[in-house]
Amino acid sequence: METKVIRCNCCGEEYIVEGGVVKKDFLTIEKDWGFFSKKDGQRHSIVLCEKCYDSWTAQFQLAPAISDTKELI
Ligand SMILES: [Zn+2]
């Protein structure tokens, strides 16, 4: 069984993924910076755990837009 580790970029916490299952969810951001940035040609990848996502977005002037993605039965 393949074991993989997901690490939160913010707090550094490690989450073990066994057989493709980790009972957590994460924010993953992948950004290919373009010509009008100072990082043209670079791809930046970030993983945040839910706790760090919450404390990060709590600092925003505008809260993230939230909508339902599935019908809860
Ligand atoms: Zn974290």
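The values are calculated or read from the model by the stated rules, or taken from the named source; none is laboratory data. Quantities reported herein were computed from a predicted structural model and do not represent experimental measurements. Note that we place each Cβ from the backbone using ideal geometry, even for glycine, and neighbour counts take in every protein chain shown.
Data table
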quantity	calculated
Any chance residue 17 is at pLDDT 95 or above and in contact with a Ser or Thr (Cβ under 8 Å, 6 or more places away or on another chain)	no
Close pairs from the range 17-30: first within 9 Å of residue 47 (Cα to Cα), partner small (Gly, Ala, Ser) and surrounded by 12 or more Cβ atoms within 10 Å (Cβ to Cβ), Cβ under 7 Å, at least 6 apart	none
Residue list for the range 15-27, restricted to those being loosely packed, with under 10 Cβ neighbours inside 10 Å and within 14 Å of the chain's Cα centre (by Cα)	25
Criterion: in a strand (DSSP E or B) and more than 13 Å from the ligand (Cβ to nearest atom) - qualifying residue of 38, 70, 4	4
First in the range 37-60 and without any contact (Cβ under 8 Å) to a residue 24 or more places away in the chain and within 13 Å of residue 9 (Cβ to Cβ), second anywhere and more than 14 Å from the ligand (Cβ to nearest atom) and polar (S, T, N, Q), Cβ under 9 Å, 6 or more apart	none
Hits in the range 41-67 - residues which are aliphatic (A, V, I, L, M) and assigned to a loop (DSSP other than H, G, I, E, B)	58, 62, 63, 65, 66
Among residues of the range 1-14, those that are over 18 Å from the mean Cα position of the chain (by Cα) and of a type outside the set (Ser, Thr, Tyr), counted	2
